[in-house]
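A short write-up of the structure that comes next.
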Amino acid sequence: AAEAQVVRHVGAAGARECANVLHALAASKHAPRQDIPPAIGARMLSLPAHAFNPQDVANTLWAHATMQRTPGAALWGVLDARAEQLAPLFTPQNLANTFWAYGTLARLPAAQTLRALERAAEARAGELNAQEVANILHATAKLTRLAPASGLREATLVALEQRGLEIVASFKAQEAAN
């Protein structure tokens, strides 16, 4: 019943509402009806790119990765371009979730998007918690296996390594293993 309501009302949803529904579906671990993610994706594509804020982009990518559903090519392009544009505004959690989503989906962002995300990670390195550092490093290791030339820039690795050393005592066993 709730899923039918989503499909019925998605045409009036904004970027935030679309991202929140996808996030809720993914977090619930409930496999949604097959028509829901495409319906939400179509709605997102009908919105202007500036409607997406950093959290909308990160949550949409995270939700797709959590549901193990790669967004369609058009939506992927919008999210990837918007991630590049908004990377300087990403919070540490937005950065970690976005890197994690790319790694989990085994999809490389566009080169300019990766560089923008790296610069943002360098700028925010001092704010990252143990889980965020672990997620970023784990995701980039996966992406580097896909395309060795896609590895993190030296400056990004140094910033993440330095932050990891600062907070090593707070790492949980799983975070250290990642």
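The values are calculated or read from the model by the stated rules, or taken from the named source; none is laboratory data. Everything numeric here is computed off the predicted structure, so don't read it as measured data. Every residue, glycine among them, receives a Cβ derived from its backbone with ideal geometry; neighbour counts consider all protein chains shown. Heads up: the accessible areas ignore ligands, DNA and RNA and are worked out on the full protein's heavy atoms, side chains in. Shrake-Rupley method; radii C 1.70, N 1.55, O 1.52, S 1.80 Å.
List of remarks:
- Residue check for LEU137: of a type in the set (A, V, I, L, M), open to solvent by 30 Å² or more (accessible area, probe 1.4 Å) and outside any helix (DSSP H, G or I): no
- Among the criteria (1) within 20 Å of the chain's Cα centre (by Cα); (2) crowded, with 16+ Cβ neighbours inside 10 Å; (3) over 22 Å from THR91 (Cα atoms), the one LEU61 does not fulfil is (3).
- Residues being open to solvent by 50 Å² or more (accessible area, probe 1.4 Å) and either at pLDDT below 95 or not hydrophobic (A, V, I, L, M, F, W, C) (or both) - total across the range 74-93: 5
- Checking each residue in the range 18-66 for being more than 18 Å from ASP80 (Cβ to Cβ) and assigned to a loop (DSSP other than H, G, I, E, B) picks out SER28, LYS29, HIS30, ALA31, PRO32, ARG33, GLN34, ASP35.
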